[in-house]
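Undergrad: First the structure, which I've put down as structure tokens, then a few questions once you've had a look.
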Amino acid sequence: MSSDSKDDEIFKALANGLRRKMLDVMKQAPQTTGALCDAFAEVDRCTVMQHLKVLEDADLIIVQRKGRERWNHLNPLPIKQVHDRWIGPYAARAVEVLDRIRTDLER
């Protein structure tokens, strides 16, 4: 899969607010699917599973099965790669512009 295709999957996964909230919960600690269903009781189990599948396909979570339980672990590497490619360079440019503005204002 090309890098752009993988980026598209990551951005698609992160575009949904519920999926971002699920990642926030998993950032604290790995969660079982049942625990995530309890945490997001406003949606049914099938919907939680569909969202987890999108996150898994984007490699944003790593699934580990232990007996009958399915543990969902946050995989922060794809988010770091997006940051390094997209956010970091833009943020650096914005800081340069702000620094120039500050310097111009101080003159």
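The values are calculated or read from the model by the stated rules, or taken from the named source; none is laboratory data. Keep in mind that this is a model prediction, so the values were computed, not measured. Here Cβ is always computed from backbone atoms with ideal geometry, including for glycine, and neighbour counts include all displayed protein chains. These accessible areas exclude ligands, DNA and RNA; they are computed on the full protein's heavy atoms, side chains included. Shrake-Rupley method; radii C 1.70, N 1.55, O 1.52, S 1.80 Å.
Undergrad: Checking L105 against (1) open to solvent by 90 Å² or more (accessible area, probe 1.4 Å); (2) of a type outside the set (D, E); (3) touching a residue at least 60 places away in the same chain (Cβ under 8 Å), only one condition comes out false. Which one?
TA: (3)
Undergrad: Next up: Taking region 1-24 as the region of interest, how many residues are open to solvent by 40 Å² or more (accessible area, probe 1.4 Å) and hydrophobic (A, V, I, L, M, F, W, C)?
TA: 4
Undergrad: Continuing with this model, one more query. Could you please give the count of residues in region 63-82 that are loosely packed, with under 15 Cβ neighbours inside 10 Å and out of contact with any Lys or Arg (no Cβ under 9 Å at 6 or more places or on another chain)?
TA: Going through region 63-82 one residue at a time, the tally reaches 8.
Undergrad: Among the residues of region 1-13, what is the count of those that are without any contact (Cβ under 8 Å) to a residue 60 or more places away in the chain and in a helix (DSSP H, G or I)?
TA: The number of residues fulfilling the criteria is 7.
Undergrad: Can you give me the ranges of the helices (runs of 4 or more DSSP H) entirely in region 18-107 with at least 2 residues that are more than 30 Å from S3 (Cβ to Cβ)?
TA: Counting at least 2 such residues, we get 33-39, 45-57, 88-106.
Undergrad: Considering only region 20-63, how many residues are of a type outside the set (A, V, I, L, M, F, W, C), under 26 Å from H83 (Cα atoms) and free of Cβ contacts under 8 Å to residues at least 40 places away in the same chain?
TA: Result for region 20-63: 8.
Undergrad: Okay, moving on. Is there a residue being exposed (fewer than 10 other Cβ atoms within 10 Å of the Cβ) and among the small types (G, A, S) anywhere in region 55-62?
TA: The answer is no; no qualifying residue exists.
Undergrad: Right, here's the next one. Can you pull out every residue in region 25-54 that is open to solvent by 60 Å² or more (accessible area, probe 1.4 Å) and either of a type outside the set (A, V, I, L, M, F, W, C) or modelled with pLDDT under 95 (or both)?
TA: K27, Q28, D38, E42, D44, R45, Q50, K53
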